Amino acid sequence: MTLRHFLTTQDWSRAELDGLLEQAAAFKRSRAGRQLEGKAIALLFFNPSMRTRTSFELGAHQLGGKAIVLAPGKDAWPIEFEVGTVMDGETEEHIAEVARVLSRYVDLIAVRAFPKFQDWSVDREDRVIHAFARHATVPVINMETITHPCQELAHIQALREHLGADLTGRKYVLTWTYHPKPLNTAVANSALLIATRFGMDVTLLCPDEDYLLDPRYMDFARQNVAESGGRLTVSHDIESAYRGADVVYAKSWGALPYFGRWDAERPVREASKHFIVDEAKMALTNNGLFSHCLPLRRNVKATDAVMDSPACIAIDEAENRLHVQKAIMATLAGQG
Amino acid sequence: MTLRHFLTTQDWSRAELDGLLEQAAAFKRSRAGRQLEGKAIALLFFNPSMRTRTSFELGAHQLGGKAIVLAPGKDAWPIEFEVGTVMDGETEEHIAEVARVLSRYVDLIAVRAFPKFQDWSVDREDRVIHAFARHATVPVINMETITHPCQELAHIQALREHLGADLTGRKYVLTWTYHPKPLNTAVANSALLIATRFGMDVTLLCPDEDYLLDPRYMDFARQNVAESGGRLTVSHDIESAYRGADVVYAKSWGALPYFGRWDAERPVREASKHFIVDEAKMALTNNGLFSHCLPLRRNVKATDAVMDSPACIAIDEAENRLHVQKAIMATLAGQG
Amino acid sequence: MTLRHFLTTQDWSRAELDGLLEQAAAFKRSRAGRQLEGKAIALLFFNPSMRTRTSFELGAHQLGGKAIVLAPGKDAWPIEFEVGTVMDGETEEHIAEVARVLSRYVDLIAVRAFPKFQDWSVDREDRVIHAFARHATVPVINMETITHPCQELAHIQALREHLGADLTGRKYVLTWTYHPKPLNTAVANSALLIATRFGMDVTLLCPDEDYLLDPRYMDFARQNVAESGGRLTVSHDIESAYRGADVVYAKSWGALPYFGRWDAERPVREASKHFIVDEAKMALTNNGLFSHCLPLRRNVKATDAVMDSPACIAIDEAENRLHVQKAIMATLAGQG
């Protein structure tokens, strides 16, 4: 039997995703479980985290399991991911050993590894998580790399709670927003994947063509709408994009053509601060919901008024991280 | 019902504090409990900790609960506490979201947030913990900000163990000591509050008027002695202050008039190294007990001889952190 | 009754070590235990760790106990280890208080404290762990200082799994290898101690006399072979050392005569890169096993081919850390 990982929702069938969401809903009703009794998960953070750390560590505990939190390069040794390298630089240990040793100790390995933001052609290979999946002998979970599949499920769970189980045909706007730093495209990629997967009428709203997402994810999205009966539109016009929307999902990201040359991108980004989600824009929607993956800079990505309005379901979505991740851990740990 | 926090002992009646101390004594006799069964606490450390970390994490575990340790700005995102700010600086996330999301995950939130030591008029507002209390929907516990109420209870528990339950009228000296850095007034404020609360005859001993504590705490102390039948004296004379003391509690702190201008304070501080607690001073006491909140620089704040003498109850006080914090957690978590 | 620590295997009789290894083997067959029920261990890391952190934290959990992970100087206060010092420098807290307070909270204290690499005459006193053992009132476990006794037991367990319980007379090569930095001698000292203790025919292979280990460990090794019937040889000839070996154990370390003057050692070290463990060298052995304590720099200390060969038992050895440490914790905690 092939070992099942949770690296991207694209590897999981719609029925399987529905199954995870049902289990998540059950965990939301009743938190305790024994699915990880006597089992353990290693949480490897190459980047900081608040929600992910808390929800995974607590989720494992609530299922009777034990989470071990590691920060390689900080409280653990820096890791080499390239194959065949003469390791005479900074890295002290190869992923082959790290993954195999951890697989002896724990039953699941979860990894957060953001891009290095220097060369997108390298970052888009998502080497860290794939190296873990290749070398580990236990299931590997993506805690955000260049996609963020746990966030996807939490997002869909929150949408379903507010809009009903069938999201087909809902007008969904994924809007780019300004942020003083060029951020990861992970949550944008993920929103595109999952919204198209669930058959929504998706508009990707961004300042210009430079802010389109990587072709891999644009292609997945087109393939998803073909299968799900959804729709995918790219727009650079704020007003028409917001008009009639059922859902506005905001995220900032750096423009891929400027990847690693962020000084060149800055003027473009700075000229697009008006993409902030505010009450005027939300007033154009169909009494639409607003969400964001958090952390969110208030009055930069969205105004206080939007964040504090009843339309904002970002806190529900954040809570759901706990429930969906428990469903993922329980499912993967039950493969044995 | 209003949510009850543990931000300062001044918010709790003397009967309630006695109740916490009784429960702490019971936990000292028998460590295990189920009061946090199925519950969790987030421990947020904006500053380092050894005793507090260990005693809270272990205490939650001994009550059947789970502690999640977070260090915002280090392994989690830096947090914004001001309301209405355009968050285009260093902070990535607003307390409104942090507190509300954590409240979905856990049942208690404990916060350590020291002053920034630049402007006392800002630091004295104690914004971080109050922001958590305002935005969280679960009880918030003060793990040291500009007061240290957990230390207060641990201190009183240790005094009662050695002097008996009734501390009324005991001669209590809170002495400033030298330290190479200007430290937080938190434990000094707290000692003043709790010693006056329990009716002791309290002397605040410090080099000069510049080392008086903030008027808020001086006023609370005067109000406390009026109610408890205690006494409050300020002294700059070491010998008369120590003479006949039942308890000597030492702490170093920076002089508030020099707050943020520490170079100007240095000569004053450096001229007062003789405030060190040594055997000669302790010999003036009524066979007095010595304590300190720890960490303590030996031979700077107190000599080896004092620290290693039977009069020193600092280790008992440190142990009691575990017991009183369990009482606090159990009480707050039982509000539901 | 004297409190028993686990600071070095030399303090434990051969029968006691055999007992620990038997218990470790039992834990390998069945992970769950209740030996630490209601008990706790503090894990103090003055240096980074991946395997040690994970295996101790998880091991304590599997025995029903709770591990508290502390990093003094990072998330806890920097500690003073000298006696009688006027603590007006960087350290905020004395080991006397740290050890005594932790002893009130937990039942076991484990410490990782590498040398400072400035003055071997200081580092060889191993002050940190000995200060903990002197001041703590609970058992102290060495998680690697200038020896690494937990690694020793994991190593022997792995050798026994592959070669049978009786290791007497097995040809064992401890080979120095190149590494771009001068590393700790701890694992080399430990390999020398444990291999001679178990009666093997031990060869210490290193570039020249400067790479001999500290006389304390050379003397222990000679004393061990006298008692165990083993043999100790020093060699600088790669080919004859490898020929017929049953076990090749690799480790890099800095040459003690150059301690703290590492620039002077560099040319010698750089000239000895050919000590890398490769297939050609392994072909000289008696179908020998290869191991290393990890982390290992691939293609610097050993080639990919060796690491990925069936002869490599480094992953088994790493797994065994979990089992032997559980045996150590269970044994020490059971003293009460």
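Any read-out appearing in this document is the output of simple, stated calculations on the displayed coordinates, not a laboratory observation. Bear in mind that the values here come from a model prediction, so they are computed numbers and not experimental data. Every residue, glycine as well, gets a Cβ built from its backbone with ideal geometry; the counts of neighbours run over all protein chains shown.
Mean partner shielding of peptide A:98-108, defined as the number of other chain Cβ atoms within 10 Å of each residue Cβ, is 5.
Sorting the Cα pairs of the protein assembly as shown by distance into bins of 10 Å, from 0 upward, gives 2, 11, 18, 21, 19, 16, 10, 3, 0 percent per bin. Using a Gaussian network model of chain C in which every pair of alpha carbons under 10 angstrom is joined by a spring, one finds that among C:29, C:243, C:222 the greatest mean-square fluctuation is at C:29.
Taking the centroid of alpha carbons for each part, segment C:89-154 and segment C:37-53 are 12 Å apart. In summary, the lysines within cross-link reach of residue A:273, defined as a Cα separation below 26 angstrom excluding same-chain residues under 8 places away, comprise A:116, A:171, A:181, A:251, A:281, A:301. Against chain A, whose longest principal axis is taken from its Cα atoms, helix A:14-29 shows a tilt of about 90°. The mean number of Cβ atoms from other chains found within 10 Å of a Cβ in peptide A:80-87 is 4, as a whole number. What is the helix-to-structure angle for A:95-105, meaning the angle in degrees between its Cα long axis and the longest Cα principal axis of chain A, kept from 0 to 90 and rounded to the nearest 10? Between the helix axis and the principal axis of chain A, the angle is about 70 degrees. With Cα atoms defining each centre, segment A:257-336 and segment B:215-251 are spaced 53 Å apart in the structure. Comparing mean-square fluctuations of B:87, B:143, B:282 from a GNM of chain B with C-alpha springs under 10 Å, the top value falls on B:87. Averaged over peptide B:175-186, the number of partner chain Cβ atoms lying within 10 Å of each residue's Cβ comes to 1. For chain C, the relative contact order comes to 21 percent (Cα pairs under 8 Å, sequence separation of at least 6). For residue B:68, the amide hydrogen comes within under 5 Å of the amide hydrogens of B:41, B:42, B:43, counting only partners 5 or more places away or on other chains and with H modelled in the peptide plane. The lysines whose alpha-carbon is closer than 16 Å to the alpha-carbon of residue B:28, local same-chain residues fewer than 8 away aside, are B:326, C:39.
Normalising the average separation of contacting C-alpha pairs (under 8 angstrom, six or more residues apart) by the number of residues puts the relative contact order of segment A:151-317 at 28 percent. Treating each Cα of segment A:151-317 as an identical point scatterer and summing with the Debye formula, the log10 of I(q)/I(0) at q = 0.11 Å⁻¹ comes to -0.39. Does chain C come out rounded, prolate or oblate, given a ≥ b ≥ c as the square roots of the eigenvalues of its C-alpha gyration tensor, rounded meaning a/c under 1.5 and, failing that, prolate meaning a/b above b/c? In terms of gyration-tensor shape, oblate.
Against chain B, whose longest principal axis comes from its Cα atoms, helix B:186-197 is set at around 70 degrees. Along segment B:317-327 the Karplus relation, 6.51 cos²θ - 1.76 cosθ + 1.60 evaluated at θ = phi - 60°, assigns HN-Hα couplings of 4, 5, 4, 5, 3, 4, 6, 5, 5, 5, 5 Hz to successive residues, with x for each Gly and Pro. In nanometers and ordered shortest first, the copy-to-copy spacing of the residue B:64 label point, defined 7 Å from Cα toward Cβ, is 1.7, 1.7.
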